Structure formats: structure tokens, C-alpha cells
Amino acid sequence: MKKTVSFHTLGCRLNMSETGQIAQTFVEKGYKVVPFGENSDVTFLNTCTVTDGADSSCRNLIRKAQKNSPEGKVVVAGCYAQMEAEKIKKMQGVDLILGTNEKYKVFDYLQDEEETQVKIDKTNEFWGATTTKADSHTRAFLKIQDGCNYVCSYCIIPFARGRSRTITVANAVEEAKKLVADGFKEVVLTGVNIGEYESTSGERLEDLLAGVVKVEGLERLRMSSVEPNTITRELLEVLKTSDKYQDHFHIPLQSGSDTILTSMRRKYDVNFYRKTISMVKEYFPDCSIGADVIVGYPGESEELFMQTYNLLKELPITHFHVFPFSKRKNTSAAKMEDQIQAGVKKDRVKTLINLGEEKRMAFAEKLVGQSGSVLFEREKDGYYEGYTSNYIRVAVKSDINLQNQIREVEFNQRVGDKLFGDLK
């Protein structure tokens, strides 16, 4: 009987691509991948540490993994493992703790029987990663960059993942070809700070994009989060002329206050951000835009918070990713005075989430009566669900299998922020 392995990924799309790569390695070693929660010989947790909430989720997952597979091995890997190995080591049932680079070497350590191994490596080697057939995603994630050279006051990621490093343009194109050959129709380019690709690699991100979109059989392309100060007209020109780039961008804001942005050590001000959004809309007038926002940063008064609220209300941003400020070890913001009370942060998060839901529903409502292409991902309760080009979820009733198909859909109803429609 084959040995079994289960996976659980916390955090960003970058983590998803890395889990997919590691899952394929297990398959090649003869393991069968089973859903997380089932009893398995190995449980692999790829973790995140961007917030206190992420840390708490990691600890809960470790306990759940040990309960589900008391005789199996539990591997805790990734950013939380990199930053809090000693805390994890004290938890019951953890067999192997692997840092952000060491997780790719899991089979170097998996067979050792010594008590709770800790392998933390801070080298700056680039480890490529893509979604694989061993994973369960319809969209493929292709890692083109890792680490970050920025020193934002609140961010722990440079400590967890190291300095920026990249894949080559040629290798990115080859990986995209493999993904298409494996049946993926949509590729999402991921990284910690992919806008810094050129300054790290010496090659241009525009050339990487131009090479990937020429891959025969690729039908849709997206990028994960791109810093506003790295979006250029030339980049948008390449995306616009490709006919494959989808109408959705994720452009972090973090705060709508220049006072807070300066303290955060961000590389733009509100006026620059506003102009960047306007430029993106010039090239992609129908696009939706997502933004990360941190509330409750030290010194954020009610007035400064309202500057963020009003900016988000003004700009055509439709997908809000709102986080309460979390003290992260080794960051300068954790040591600042004027820390905001948890209750205030909670209220501000709720306020922005409500605004975001209103704006996303209004955006979806404008699509009712129109039609567009949808990549269907899964079946749920007799409906197949997928996403429009501008990242609105769509559900269609169908007796035929639509999974991993791109079909034209007429949108005839909105329920919440989801559209319902019929195949054309």
C-alpha cells in the first residue's frame, strides 16, 4: 500500500505554488496525496507569519494535524517555521521543522527518527515552484521571485524569506510551457515583490511577460500583488497588447494617509498611488483592483483612519484585503509608541470590510446583463463556479462537466458579490 501525505497551505499564492511543487515531489517518491484532515503518514503544513492571526492559525493546524494522524509525521514548514522554530518545537507531535528554503529538502530529513528536527537555512538560493498535477488547483501559480529588499517598518517577510531573488526569463517561459502541457489554461505569476524583478535579476519583467504570453495554449494570465511604485506604462502596454492578461490587478495601498505611509517607509505617497490607479484604469477600464490595507498602525488617529476610508471610497478599488496591525518580531513598528487598542483595530477592520463588500457588490451589479468568459474551477450543489476576467465569482447550473473549461456566460443575476448566469 502506498504511503499517504496531506497538505495544508496558509497565506499567499506564493505559498500555494510552493506547496504544489513539494506535493509533486512526494508523488514522484511514491506517495498518494489525500485531503487534509484524513489520517496520513505525513502531514505537511506550509505556514505563514504575516500577522498574529496567521501565527494562531498555524498553531491550530499543528494541533489538528496531530489529532488527525497521531501515528503520522507532522512537518511544519515555511515562514512561521523560519521565525518561530523554538515555539513550534515545544508543541506536541511535531516531527520536523523546516525553514523557507529547507522545506524543499524535506526528503533529506523525513526518514530520520530523532526527536523534533529543526532545519532553518537563511541562504538566498532561489527555489522555483509551480502548481502541479499533484495539486488541486485549476489555475496554475508560477513563482518568478522570492524575498524582498524593502524595509517596510511593519513587515516580517524579509526576515522570513530573505533578500530578493528571481527565476530567469528563459526558465519562466519553460515552466509556463510545462504548465500548459499539464492542462492548465490560466497562469498566475507570483512572488513576494515581483515588481522588483528587473532590479534583482538584471532582466526585464516586461520581457518575462512577453515571453510567457507567447506560450502556445496559454489562454489567461494574471499577476499577483504588484507594488504601485513598480507599475509602469511599458508594463501595462505589454499586458494590454497580449490579449491574455485578465482584467484584475492587486496593488497594495496599506494606508491612505501620507503620515502613516511615511512612517511605514512605503515608496509612494497618496497622490502617487492615486495616479497609478488612474493609469491602470486608462489601459484596463473594465478591470477590478484589489488592495491590501493595514489598520491600527501605531499613531493612526481617527482622522488618519478616515483618510484611508475616504480614499478607498473614492478610488475604483473593489477587492479589499484588510488586516489589523500586528506587532512582528524584529520590526521597527513593533517598538513604536502610540500602539492602538485591539478593540479600535477590530472596529476599523469591520468598517473597511463593510465598505469593500458594498463596492464589490456594486461592481458585480454593473455586470448583470452583460456576458464574459469564465474559467470554471469546481462543482458545488449542482452549480459550476469560476471567475470572470475581472475576478468576480460566477455560478452556472449545468449537467455537463465544466471544470477547467473556459466558457462564455451571460450574467443575469447578482446574489451578494456572486453572479449567476447561463452558458451562451
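All of the numbers you see were taken from the coordinates with simple rules; none came from a lab. This is a predicted model, so every value here is computed, not measured. Cβ atoms come from the backbone with ideal geometry, glycine included; neighbour counts cover every protein chain shown.
Between Phe420 and Glu38, the contour length at 0.36 nm per residue exceeds the alpha carbon distance by 134.2 nm. Computed as a quarter of the hull surface, the mean projected area of the alpha carbon convex hull for region 279-424 stands at 11.3 nm². Between rounded, prolate and oblate, where does region 75-159 land on the alpha carbon gyration tensor, with a ≥ b ≥ c its root eigenvalues, rounded for a/c under 1.5, else prolate if a/b exceeds b/c? Since a/c reaches 1.5 but b/c is at least a/b, the shape of region 75-159 is classed as oblate. Between the alpha-carbon centres of region 157-187 and region 341-379 there is a gap of 29 Å. Taking 0.36 nm per residue of separation and subtracting the Cα-Cα distance, full extension of the segment from Val151 to Glu86 would add 20.9 nm. Under the Kirkwood approximation applied to all pairs of distinct alpha-carbon atoms, what is the hydrodynamic radius of region 371-423 in Å? Mean inverse Cα-Cα distance, inverted, gives 10.5 Å.
In a GNM of the chain with a 10 Å cut-off on Cα contacts, which of Gln341, Gln21, Gln413 has the highest mean-square fluctuation? Its mean-square fluctuation being the largest, the pick is Gln341.
Using a 4.7 Å Cβ-Cβ cutoff, the cysteines of the chain lacking any partner cysteine are Cys12, Cys48, Cys58, Cys79, Cys148, Cys287.
How would you rank Val215, Val368, Val192, Val5, going from fewest to most other Cβ atoms within 10 Å of each one's own Cβ?
Neighbour counts put them in this order, fewest first: Val368, Val215, Val192, Val5.
Here the label points at Gln339 and Ser398, each 7 Å from Cα along the C-beta direction, are separated by 5.1 nm in the simple model. With the charge dipole of the chain set up from +1 on Lys and Arg Cβ and -1 on Asp and Glu Cβ about the Cα centre, the Cα lying farthest toward the positive end among the listed residues Val344, Ser263, Thr190 is that of Val344.
When you filter the GluC sites (Glu not before Pro) in region 335-368 for DSSP loop state and at most 11 other Cβ atoms inside 10 Å of their Cβ, you are left with Glu337. Neighbour counts of C-beta atoms inside 10 Å place Thr259, Thr100 in the sequence Thr259, Thr100, starting with the fewest.
Taking every DSSP bridge with both residues inside the chain, close to 35 percent are antiparallel. Rounded, prolate or oblate: which one fits region 267-333, using the alpha carbon gyration tensor with axes a ≥ b ≥ c (rounded when a/c is under 1.5, else prolate when a/b beats b/c, else oblate)? Because a/c hits 1.5 or more and a/b exceeds b/c, region 267-333 counts as prolate. The distance from the alpha carbon centre of region 380-420 to that of region 52-68 is 33 Å, rounded to a whole number. Values of log10 I(q)/I(0) for the chain across q = 0.06, 0.07, 0.13 Å⁻¹ run -0.25, -0.35, -1.29, by the Debye formula with one identical scatterer at each alpha carbon and no solvent. Taking a ≥ b ≥ c as the square roots of the eigenvalues of the Cα gyration tensor of region 1-159, is the shape rounded (a/c under 1.5), prolate (a/b larger than b/c) or oblate? Oblate shape, in that a/c is at least 1.5 and b/c is the bigger or equal ratio. From the largest down, region 140-365 spans 53, 43, 29 angstrom on the principal axes of its Cα atoms.
For the chain, a crude dipole built from +1 on the beta carbon of Lys and Arg and -1 on the beta carbon of Asp and Glu, taken about the Cα centre, is about 480 debye to the nearest 20.
Rounded to the nearest 20 debye, the dipole size of region 371-423 about its Cα centre is 140 debye, using +1 on the Cβ of Lys and Arg and -1 on the Cβ of Asp and Glu. Shown for Thr318, Thr190, Thr43: other C-beta atoms within 10 Å of each C-beta, ranked fewest to most, produce the order Thr318, Thr190, Thr43.
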